[in-house]
Amino acid sequence: MNIQEVQNEIIEEFSMFEDWEERYQYMIDLGKSLPLIEEQYKTEDNIIKGCQSKVWVHAELKEDKIAFTADSDAIITKGIIAILIRVFSNQHPKDILEANTDFIDQIGLKEHLSPTRANGLVSMIKQLKLYAIAYQTQLN
Amino acid sequence: MLDLKKIRADFPILKRQVNGKPLVYFDNAATSQTPQQVIDVIVDYYSNYNANIHRGVHALSQEATDKYEAARHTIQNHFNAKHAHEIIYTSGTTESINLVAHGFASILQKGDEIIVSALEHHSNIVPWQMLCEKIGAVLKVIPMNQDGALVMAEYDKLLNNNTQLVFVNHISNALGTINPIEEIIEKAHQVGAAVLIDGAQACPHIKPDVQALDVDFYVASAHKMCGPTGVGMLYGKEAWLNKLPPYQGGGEMIAEVSFDKTTYAGLPHKMEAGTPNICGGIAFGAAIDYMNAIGFDAIANYEHELLEYATKSLLEIEGLKIYGTAKNKTSVISFNLDGIHPYDVGTILDKLGIAVRTGHHCAQPIMEYFKIPGTVRASFAFYNTKEEIDALVAGVKKAKMMLS
């Protein structure tokens with residue numbers, strides 16, 4: 001699936017929820033159940049310093065696609081990370097660079113992407129795109 | 001007894017909804033809400049007599065100057081300073097502290113010692129670290145115990161003839177601990193050291209008497225006591241303020257200027273370069289009047305009631321731990337749920353319309369001490385109610401259910 005298809009799939013899943021509680025419960029469950037990153041990659045170097053919750057991101061190039069893994073010490077943040085990883089991991093660097101994140105708004109989680117939210121997610125998306133730039137250069 | 005209904009009607013913001021729920025505002029330690037009486041003063045200023053002060057010959061300028069200086073007298077009376085010119089308007093507590101730190105840079109010498117407490121806000125740590133680095137002075141720290149109270153026996157050991165300055169907050173912003181500042185000031189004076197007390201968190205709850213305390217410097221922000229943001233004050237004993245060099249150069253702070261030499265204006269103008277926050281200063285005075293009309297004794301009693309009620313109700317939740325259990329504390333509760341990140345709890349509470357603070361509260365050394373990433377902090381003001389605390393408790397229970 002390409003990025004757009006994954007995003008559409010997520011939007012469809014979220015459209016089934018009736019209120020914020022169901023949406024958040026789903027994210028919390030995602031955050032709890034997914035092993036997102038290998039312990040060895042939870043290093044200081046891989047940490048994105050948001051103001052409050054810590055976010056780690058690790059990237060690897062597998063053939064011509066980037067595999068992302070990530071984690072956070074806050075569970076709601078981790079749930080959103082799980083969604084972002086589902087969208088951006090195993091995609092071509094070029095597609096990652098061109099992708100937008102409007103779907104976050106459409107699934108009712110826009111407030112988490114406000115820079116004042118200080119949960120590291122804005123920085124995380126920036127970091128994913130920086131990896132994409134780096135690997136794109138490498139592939140050229 | 002406070003007339004809660006009447007008081008709440010003074011605060012227009014308390015009528016609004018957040019995320020479809022009635023707002024429960026428990027982030028008062030970060031900033032307090034503004035009553036209509038203060039909002040009216042701000043509107044009146046810009047509607048009727050907005051002008052630059054101290055140098056205008058015209059009527060508006062005179063009116064603005066009179067009101068601005070009258071507010072300085074209100075602040076003077078409130079803190080019981082001996083002279084109005086001992087009250088310096090600043091942009092807030094942080095600037096007040098930096099003004100003093102800047103001044104001491106020309107007084108201190110290598111090897112001099114400065115003492116701060118383990119409970120300080122970053123704004124009362126960083127300026128002194130910068131100062132110490134610059135002049136080779138030594139920064140020492142009064143440690144705290146598990147309750148979040150300062151270990152006074154250790155303070156005694158830190159004091160010596162090299163101690164020049166002691167800086168402590170009156171009340172900790174992260175934990176609500178009320179520090180024994182009378183004892184701290186007295187002991188510092190015994191070795192000849194000056195004392196600065198950061199009153200940012202104290203002034204919304206108690207009325208400090210700077211002469212009775214015999215404190216050298218006391219600082220506060222208007223926005224934590226029902227006033228606007230961007231204005232605050234520095235109280236300094238006249239002798240100290242005369243000794244400190246001007247903080248900034250500019251208009252208003254000079255007596256005479258030539259290219260050979262400039263002579264500075266007297267107090268307070270020496271420390272107030274440029275056009276100040278005129279409206280803010282006047283509104284600061286109005287905020288103090290508003291709080292005094294309600295009465296600080298009545299405020300303290302009621303807030304203590306809220307604190308006890310909230311402490312008891314929250315502790316009934318299994319796995320909830322309160323940080324900061326000192327005997328003397330104000331209406332601040334810092335807590336965590338076992339195994340749950342404070343950010344997650346704050347996020348769920350926000351969805352329920354409840355405003356709390358989460359994080360390290362600009363006091364990372366305290367969080368380091370407790371080995372936690374941060375806390376959820378609920379801080380109460382005199383316009384809060386027990387029903388709102390019930391909503392908080394229900395919200396925390398819901399957060400716990402969703403997150404565990």
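Would you please classify the overall shape of segment B:29-86 from the alpha carbon gyration tensor, given that a ≥ b ≥ c denote the square roots of the eigenvalues, rounded means a/c under 1.5, and beyond that prolate means a/b larger than b/c while oblate covers the rest? Oblate. The phi-based Karplus calculation (6.51 cos²θ - 1.76 cosθ + 1.60; θ = phi - 60°) puts the 3J(HN,Hα) values of segment B:147-159 at 7, x, 9, 6, 8, 5, 4, 5, 4, 4, 6, 6, 6 Hz, whole numbers, x for Gly and Pro. Accessible surface of the protein assembly as shown, 1.4 Å probe: 51 percent of it comes from carbon and sulfur atoms.
Over 28 Å apart at the Cα level, from the set A:54/B:134; B:329/B:371; A:42/A:62; A:54/B:157, are A:54/B:134; A:54/B:157. Treating r as the C-beta distance of residue B:17 and residue B:59 and R0 as 41 Å, the FRET efficiency rounds to 0.40.
Loop sites only, by DSSP: take the trypsin sites (Lys or Arg not before Pro) in chain B that have at most 13 other C-beta atoms within 10 Å and name the longest stretch containing none of them. Answer from the scan: B:111-260. Exposed loop sites, defined as GluC sites (Glu not before Pro) outside DSSP H, G, I, E and B with at most 13 other Cβ atoms within 10 Å, are absent from the longest region of chain B, namely B:1-315. Inter-label distance, residue B:30 to residue B:212: 3.3 nm, where each label sits 7 Å from its Cα along the C-beta direction. In segment B:332-380, which residues become less accessible by 20 Å² or more once every protein chain is in place, relative to the chain on its own, using a 1.4 Å probe? Correct list: B:341, B:343, B:344, B:347, B:348, B:350, B:351, B:358, B:360. Annotation: lysines with alpha-carbon distance below 18 angstrom to residue B:243 (same-chain offsets under eight excluded): B:82, B:270. Can you give me the distance in nm between label points at residue A:2 and residue B:122, each placed 7 Å from the Cα along the Cα-to-Cβ direction? Simple spin-label model gives 4.3 nm for this pair. Here's how it looks for residue B:169: its modeled amide H is under 5 Å from those of B:117, B:198, which are all 5 or more places away or on a different chain.
For B:13, B:317, the ranking by accessible surface with the largest value first comes to B:13, B:317, using a 1.4 Å probe.
Largest first, what is the accessible-area ranking of B:367, B:401 with a 1.4 Å probe?
Highest to lowest solvent-accessible surface, that is B:401, B:367.
For the protein assembly as shown, the calculated P(r), taken from all Cα-Cα distances in 20 Å bins from zero up to the bin holding the longest distance, is 20, 45, 30, 5 percent.
Whole Å is fine, so just give me how far the alpha carbon centre of segment B:77-99 lies from that of segment A:1-52. First find each Cα centre; the distance between them is then 49 Å.
At an R0 of 25 angstrom, the distance between the Cβ atoms of residue A:47 and residue B:371 translates into a FRET efficiency of 0.90.
In chain B, helices alone account for a calculated mean residue ellipticity at 222 nm of -12000 deg cm²/dmol, with every DSSP H run of four or more residues adding -39,500 (n - 2.57).
Rounded to the nearest whole Hz, the Karplus-based 3J(HN,Hα) values (6.51 cos²θ - 1.76 cosθ + 1.60, θ = phi - 60°) of segment B:282-293 follow the sequence 5, 5, 4, x, 5, 5, 5, 4, 4, 5, 5, 5, with x at glycine and proline.
If R₀ is 41 angstrom, what is the calculated FRET efficiency for the pair residue B:362 and residue A:64, using the beta carbon separation as r and rounding to 0.05?
Computed FRET efficiency for residue B:362 and residue A:64: 0.35.
Between residue B:8 and residue B:110, the modelled label-to-label distance comes to 6.3 nm, taking each label 7 Å out from Cα in the direction of the beta carbon. Once backbone amide H atoms are built at 1.01 Å from N, residue B:254 has B:265 as its partners under 5 Å, excluding neighbours fewer than 5 places away on the same chain. Each part reduced to its alpha carbon centroid, segment B:184-207 and segment B:6-44 end up 30 Å apart. Annotation for the B:A interface, with buried accessible surface near 1600 Å², both sides summed [1.4 Å probe; non-protein components not counted]. Over segment A:54-107, the ratio between the Cα radius of gyration and 2.2 N^0.38 Å evaluates to 1.17.
Across segment B:362-371, rounded Karplus estimates of 3J(HN,Hα) from the backbone phi angles (6.51 cos²θ - 1.76 cosθ + 1.60, θ = phi - 60°) give 6, 9, 4, x, 5, 5, 4, 4, 7, 6 Hz, Gly and Pro being marked x. With an a/c value of 1.5 or above and a/b not larger than b/c for the gyration tensor axes a ≥ b ≥ c computed over the alpha-carbon atoms, chain A is described as oblate.
Helical content of chain A, expressed as a calculated mean residue ellipticity at 222 nm, amounts to -15500 deg cm²/dmol (DSSP H runs of 4 or more residues, -39,500 (n - 2.57) each, divided by residue number, nearest 500). For the pair segment B:226-279 / segment B:138-156, the C-alpha centres are spaced 34 Å from each other.
Could you tell me whether chain B comes out rounded, prolate or oblate from its Cα gyration tensor? Rule is a ≥ b ≥ c as square roots of the eigenvalues, rounded for a/c under 1.5, then prolate if a/b exceeds b/c, otherwise oblate.
oblate
Of all stretches in chain A that contain no GluC sites (Glu not before Pro) in a DSSP loop with at most 11 other Cβ atoms within 10 Å, the longest one is A:64-140.
The values are calculated or read from the model by the stated rules, or taken from the named source; none is laboratory data. Given the structure is predicted, the values throughout are model-derived calculations rather than measurements. Note: ideal-geometry Cβ built from the backbone for every residue, glycine included; neighbour counts use all protein chains shown. The protein model used for the area step is the full one, side chains on, heavy atoms only, and it has no ligands, DNA or RNA in it. Shrake-Rupley method; radii C 1.70, N 1.55, O 1.52, S 1.80 Å.
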